Amino acid sequence: MPGPPLLRIVVGIALIFGGVLGFLPVLGFWMLPLGVLVLSVDLHPVRRIRRRIEVRWGRRQRRRRNEGR
């Protein structure tokens, strides 16, 4: 992702805050995962959380595929 890290951090926090207000028109809950993705580029703890979620999601998908056979 191009751009200064401070700008990405501010944009990521703004997206997460907008996602919390997802019940309003225009703002939506789709902003939460996008904000986490933007923050995970620069912040190691957020990257670790995102990676754990990806691993769990992959395991769940693999389990569902195996159950369908």
Some residue of region 27-41 being out of contact with any Phe, Trp or Tyr (no Cβ under 8 Å at 6 or more places or on another chain), exposed (fewer than 13 other Cβ atoms within 10 Å of the Cβ) and assigned to a helix (DSSP H, G or I): no
Pair list, Cβ under 7 Å, 6 or more apart: region 2-20 residue farther than 18 Å from residue 30 by Cα, other residue of a type in the set (Gly, Ala, Ser) and crowded, with 18+ Cβ neighbours inside 10 Å: none
Unique residue being basic (Lys, Arg), surrounded by 12 or more Cβ atoms within 10 Å (Cβ to Cβ) and assigned to a helix (DSSP H, G or I) when the list is 56, 62, 47: 47
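Throughout, read-outs are computed from the coordinates displayed, never taken from laboratory work. All values derive from a computational prediction rather than experimental measurement. Methodologically, a virtual Cβ is constructed for each residue, glycine included, from the backbone with ideal geometry; neighbour enumeration extends over all protein chains shown.
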